[in-house]
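To start, the structure itself, in structure tokens.
No lab work stands behind these numbers, since they all come straight from the coordinates. Keep in mind it's a predicted model, so treat the numbers as computed, not measured.
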Amino acid sequence: MRARALGQIAMAAALVAGGAMAKSRSNANLPQTDQQIAESVRHEIATYPYYSIFDDIRFSVVNGQVELSGDVTQPVKKSDIGKIVEKLPGVSSVTNSIEVLPLSDFDARLRLQIARSIYSAPTLSRYAMGALPSIHIIVNNGHVTLTGVVATDMDKQIAGMRANQALSFGPVQNNLVVENPARKS
């Protein structure tokens, strides 16, 4: 008798779980706005376990069509991100224009050297906190580009100066975006 009651409870739990899963699947088929799709894409990129400060992925969404661009350090990252985004609710197509940076020992050493220089600066060390630091270092055949977001114009300048101290091939392209730009009077 007790075994039968436990079996009925287990069956009821399975039916409830199945109903919840069916409901979540039906929500996946609901139309999504471009803004909702963009939030999903942003979340998936930020939580992709191999996305690092040496990668920079950008995207746009128009009528459910997602265009991916930017740079990654390994080919598998490009394909993984493309496959993940394709499966998101509301995405009708994906154009994967992400560039894979050359696999180079020199570039790998330069990335580490610049990261140490930037994130060891007392004024910039706060940007190293969190799951994904906000300053990204892109190195392509010795040419360095900084991307991401910093709080002030001064932080942007300091990051650029620290990166320029490295042995790159030419000046550092500082594309950091300032959250709170200084007001000019």
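Residues with amide H under 5 Å of GLU99's amide H, sequence separation 5 or more or different chain, H placed in the peptide plane at 1.01 Å from N; which?
HN-HN under 5 Å from GLU99: GLY70, ASP71, VAL72.
What number, in nm² with one decimal, is the all-direction average of the projected area of the convex hull of the alpha-carbon atoms of region 45-185?
Across all orientations, region 45-185 yields a mean hull projection of 9.9 nm².
Among DSSP beta bridges lying fully in region 34-100, give the percent that are antiparallel, nearest 5.
Restricted to region 34-100, the bridges split so that about 55 percent are antiparallel.
Along the principal axes of its C-alpha atoms, what lengths does region 100-180 span, in descending order and rounded to whole Å?
Taking the Cα atoms of region 100-180, the three principal extents are 34, 26, 22 Å.
Diagonalise the Cα gyration tensor of region 36-88 and give the resulting equivalent ellipsoid semi-axes, square root of 5 times each eigenvalue, largest first, whole Å.
Taking √(5λ) for each eigenvalue gives 18, 11, 10 Å, largest first.
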